[in-house]
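Reading through the structure tokens given below for one structure.
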């Protein structure tokens, strides 16, 4: 039955019945279906898909993150996708991921960037501590998140970090952000 559905879906896409960007599900996909979509090499679900599936998809993303049998990059994409559901639960989840003991640096980076995407300048105080994280990838993620805001508070956080930054690459990103800021 599953093979028949996949064949039907493939033929429908080829025939132009559905565009690739149109969600196939009227309701949120199952955990297995969403995992498979997040594992997509060429294309993963986008903002429109998550909007169409609605907030009922949020717990599925949390479940995917928590399943250590799922491929790490799928777990990472699930964390990033939580940003499509800006709510107190999403903020708590992203902070939990970012602060979890022994957490992968890349998962922390995705959680920090997700905080920025979901909550904008309201997340500056949540993101600021990650400018001092031991891992360059996490610090860079915090810089990228703050750079997107173009607010005095975000620029102040970056300016304060610059003299302490050990990575030449990240310091260059901070300088570029500060010089590009229109304020």
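The values are calculated or read from the model by the stated rules, or taken from the named source; none is laboratory data. Every value quoted in this text rests on a predicted model; they were computed, and no experiment measured them. Cβ atoms come from the backbone with ideal geometry, glycine included; neighbour counts cover every protein chain shown.
The residues in the range 53-67 that are under 16 Å from residue 96 (Cα atoms) and assigned to a loop (DSSP other than H, G, I, E, B) can be counted, and the count is 1. For residue 3, indicate whether it is assigned to a helix (DSSP H, G or I) and at pLDDT 90 or above. No; evaluated as a whole, the condition is false for this residue. If the condition is being surrounded by 13 or more Cβ atoms within 10 Å (Cβ to Cβ), more than 12 Å from residue 142 (Cα to Cα) and in contact with a helix residue (DSSP H, G or I) (Cβ under 8 Å, 6 or more places away or on another chain), then the range 156-166 contributes 159, 162, 165. Among the residues in the range 96-103, are any buried (at least 20 other Cβ atoms within 10 Å of the Cβ) and under 30 Å from residue 54 (Cα atoms)? Within the range 96-103, one or more residues are buried (at least 20 other Cβ atoms within 10 Å of the Cβ) and under 30 Å from residue 54 (Cα atoms). Would you mention how many residues in the range 37-52 are touching a helix residue (DSSP H, G or I) at 6+ places or on another chain (Cβ under 9 Å) and assigned to a helix (DSSP H, G or I)? The total comes to 6.
Restricted to the range 104-151, and to residues there that are in contact with a helix residue (DSSP H, G or I) (Cβ under 8 Å, 6 or more places away or on another chain) and not in a helix (DSSP H, G or I), the residue that is surrounded by the most Cβ atoms within 10 Å (Cβ to Cβ) is 149.
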